[in-house]
1. If you scan the stretch 105-143, which residues turn out to be assigned to a helix (DSSP H, G or I) and more than 28 Å from ALA19 (Cβ to Cβ)?
2. Is it the case, given these coordinates, that LEU63 is assigned to a helix (DSSP H, G or I), over 16 Å from the mean Cα position of the chain (by Cα) and without any contact (Cβ under 8 Å) to a residue 60 or more places away in the chain?
3. Could you figure out which of (1) touching a residue at least 60 places away in the same chain (Cβ under 8 Å); (2) within 30 Å of MET135 (Cβ to Cβ) isn't true of ALA77?
4. For the stretch 74-104, enumerate the residues that are open to solvent by 60 Å² or more (accessible area, probe 1.4 Å), not β-branched (Val, Ile, Thr) and not in a helix (DSSP H, G or I).
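The values are calculated or read from the model by the stated rules, or taken from the named source; none is laboratory data. What you are looking at is a predicted structure, and each value in this text was computed from that prediction instead of being measured. Here the Cβ positions follow ideal geometry from the backbone for every residue, glycine too, while neighbour counts run over all protein chains shown. Surface areas here come from the heavy atoms of the whole protein model, side chains and all, with no ligands, DNA or RNA. Shrake-Rupley method; radii C 1.70, N 1.55, O 1.52, S 1.80 Å.
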Amino acid sequence: MDVLSYLPALAGGLMIGTAAALMLWLEGRIAGISGIVGGLLQRTQGDATWRIAFLLGLIASPLLLMLFTGQRAQVHATVSPSMLVLAGLLVGFGTRLGSGCTSGHGVCGLARRSPRSLVAVATFIATGALTVYFMRHLGGGLR
């Protein structure tokens with residue numbers, strides 16, 4: 001791989017960081033997806049508009065990619081749909097248990113030097129690494 005192959009990831013990271021910083025600076029809110037969705041599901045009075053706009057922006061992103069580049073976002077799942085549903089449910093449970101998700105803790109919390117976010121991110125990484133190890137080496141070679 002050459003250096004240029006890393007530019008899309010770098011650009012994406014810069015855009016995510018800039019968006020999270022602007023949301024905190026301009027709105028005083030954390031750009032954590034689980035908190036945004038959770039707040040939408042709790043039906044807080046007068047709070048839904050910005051949450052819906054944020055989520056629509058996430059949904060619109062791949063459509064904009066396709067519009068401007070002609071390329072579709074590539075997603076390659078190597079597990080069954082039932083495994084994807086189970087994984088999604090476990091992620092949802094984990095975000096509630098950890099009081100936030102990777103975007104809230106990893107992008108926003110670490111930038112604010114939150115000790116709770118540091119512990120959460122370390123837990124996310126360790127759990128992910130252990131899960132990959134067990135699934136690949138002890139789970140019958142699942143990819």
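1. LEU130, THR131, VAL132, TYR133, PHE134, MET135, ARG136, HIS137, LEU138
2. The answer is yes for LEU63.
3. Just one mismatch for ALA77, condition (1).
4. GLN74, HIS76, ALA77, SER99 - these are the residues of the stretch 74-104 that are open to solvent by 60 Å² or more (accessible area, probe 1.4 Å), not β-branched (Val, Ile, Thr) and not in a helix (DSSP H, G or I).
Okay, residues lined up against (1) without any contact (Cβ under 8 Å) to a residue 60 or more places away in the chain; (2) in a loop (DSSP other than H, G, I, E, B); (3) exposed (fewer than 11 other Cβ atoms within 10 Å of the Cβ); (4) in contact with a strand residue (DSSP E or B) (Cβ under 7 Å, 6 or more places away or on another chain):
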site: GLY13; (1), (2), (3), (4): yes, no, no, no
site: LEU26; (1), (2), (3), (4): yes, no, yes, no
site: GLY35; (1), (2), (3), (4): no, no, no, no
site: TRP50; (1), (2), (3), (4): yes, no, no, no
